[in-house]
Amino acid sequence: MLIRRPPDIPSSEITPERGYLDRRAFIAMAGAAAAVAAVPVLGRDLLARAAGGGSARAGGSGADKPTPYDDITHYNNYYEFGTGKTDPARYAGQLVTSPWTVEVAGEVRKPATYHLEDLLRGQTIEERIYRHRCVEGWSMVIPWNGFSLRNLITRFEPTSRAKFVEFTTLYRPSQMPGQRTDVLPWPYVEGLRMDEAMHPLTMVVTGLYGRPLPNQDGAPIRIHVPWKYGFKSGKSIVRIRLMETQPATTWNTYAPSWYGFYANVNPDVDTVRWSQATERRIGEFFRRPTLLFNGYGDQVASLYEGMDLRKDY
Ligand code: MTE
């Protein structure tokens, strides 16, 4: 069998309304996270659990408790600011994100360079709590603010030749110290197949926890594809290009045997570098089993019917 149904997954992860945290709880949580920030990892995890920071069990109530704001904004991958997890929080403050434009190009009837305000005009910003799984073996639960990417793409009127979408992220070495090194070829580029991009779960993110998106998390707009490893979700997008052919993406080009183009979360397919069977939810001590498609299989598995996910990883 090519596609396994994951066990016991909630049918929808979309929270239609505020209410996952009231402001008082948010402040308490942020304060608790700040208080434990200085202690070593083991103590920090135990403290977080004691403070209700998450359950070590997979499934069950509390399993998808949002990760504290402080962790979401201080444990990042954003190589443009350095390869350390705290580098983005330290250096991303210097990035100027306004004004911001996004070029829309390729197989669309309305190619143009759009001001961000024009792209966002008329979009309903929702709050959605999504699991976020990094190929390195850690995960978070993030209350994002944003809207479905398809609401944006349809406005550009894709042609019938549009089969893929390429996302190019910002190249600005003067404000991004990591781009003055050659750890990756710049700019960072990612891509999706058209049906993945048009899936309602695929999100344009403009904020988190009801606040503007912090620079280290990809301001002013990023993508999040919750059933894929985090590297598929480009930050600080400046160009969206619809294409007939599969785009060359940064990690897939850099190390194709490690980072497949599809990069669907799959506990049964280890990458060369890491086993993907389990993950450590930030704020928890014990590792938990990783779920196929990060637990979103009931909504996205049909996209991959007939594909061999061991080959197309
Ligand atoms: N986007 C850009 N432009 N540069 C990056 O280095 N890292 C990716 C992805 N998007 C990255 C990026 C990786 S590997 C992950 S896991 C997620 O961003 C991390 O998102 P987070 O820091 O908001 O958790």
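Worth a mention:
- Contacts under 9 angstrom Cβ, first residue in region 119-146 being near the ligand (Cβ under 8 Å from one of its atoms) and part of a strand (DSSP E or B), partner basic (K, R) and modelled with pLDDT under 95, 6 or more apart: none
- Single residue of R172, R161 found to be charged (D, E, K, R) and either part of a strand (DSSP E or B) or more than 13 Å from the ligand (Cβ to nearest atom) (or both): R161
- Scanning region 278-306 for residues that are in a loop (DSSP other than H, G, I, E, B) and either over 24 Å from G234 (Cα atoms) or in contact with a helix residue (DSSP H, G or I) (Cβ under 7 Å, 6 or more places away or on another chain) (or both) yields a count of 8.
- The residue that is nearest to P200 (Cα to Cα), counting only those in region 262-301 that are modelled with pLDDT under 95 and aliphatic (A, V, I, L, M), is V269.
Here's the yes/no breakdown for (1) under 9 Å from the mean Cα position of the chain (by Cα); (2) of a type outside the set (K, R); (3) surrounded by fewer than 23 Cβ atoms within 10 Å (Cβ to Cβ):
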residue	(1), (2), (3)
G210	no, yes, yes
K228	yes, no, no
F231	yes, yes, yes
S236	no, yes, no
R239	no, no, yes
Q246	no, yes, yes
T249	no, yes, no
T253	no, yes, yes
P256	no, yes, yes
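- Only one of P200, P220, P256, P289 that is out of contact with any Cys (no Cβ under 8 Å at 6 or more places or on another chain) and within 16 Å of I129 (Cα to Cα): P200
- All of L184, L192 fail the test of being in contact (Cβ under 8 Å) with a residue 12 or more places away in the chain and in a strand (DSSP E or B), apart from L192.
- Just one of the numbered conditions (1) more than 10 Å from the ligand (Cβ to nearest atom); (2) buried (at least 19 other Cβ atoms within 10 Å of the Cβ); (3) of a type in the set (A, V, I, L, M, F, W, C); (4) within 24 Å of W227 (Cα to Cα) is not true of F156: (4).
- Yes/no for F261 being in contact (Cβ under 8 Å) with a residue 24 or more places away in the chain, aromatic (F, W, Y) and within 12 Å of the ligand (Cβ to nearest atom): no
- Filtered residue count, region 266-302, keeping only those that are of a type in the set (A, V, I, L, M) and either without any contact (Cβ under 8 Å) to a residue 12 or more places away in the chain or in contact with a Lys or Arg (Cβ under 8 Å, 6 or more places away or on another chain) (or both): 3
- Qualifying residue in region 109-120 (condition: surrounded by 19 or more Cβ atoms within 10 Å (Cβ to Cβ), modelled with pLDDT of 95 or more and touching a strand residue (DSSP E or B) at 6+ places or on another chain (Cβ under 8 Å)): yes
- Cβ pairs under 7 Å, 6+ apart, first in region 231-255 and over 17 Å from G218 (Cα atoms), second among the polar types (S, T, N, Q) and within 12 Å of the ligand (Cβ to nearest atom): none
- Unique residue being modelled with pLDDT of 95 or more and either out of contact with any Pro (no Cβ under 8 Å at 6 or more places or on another chain) or over 24 Å from I72 (Cβ atoms) (or both) when the list is Y304, Y254, Y259: Y304
- Residue that is surrounded by the most Cβ atoms within 10 Å (Cβ to Cβ) [pool: residues in region 121-138 that are of a type outside the set (V, I, T) and touching a helix residue (DSSP H, G or I) at 6+ places or on another chain (Cβ under 8 Å)]: R133
The values are calculated or read from the model by the stated rules, or taken from the named source; none is laboratory data. Note that the coordinates shown come from a computational prediction; the quantities given were computed from them, not determined experimentally. Counting neighbours? That spans all protein chains shown, and the Cβs are built from the backbone with ideal geometry, glycine included.
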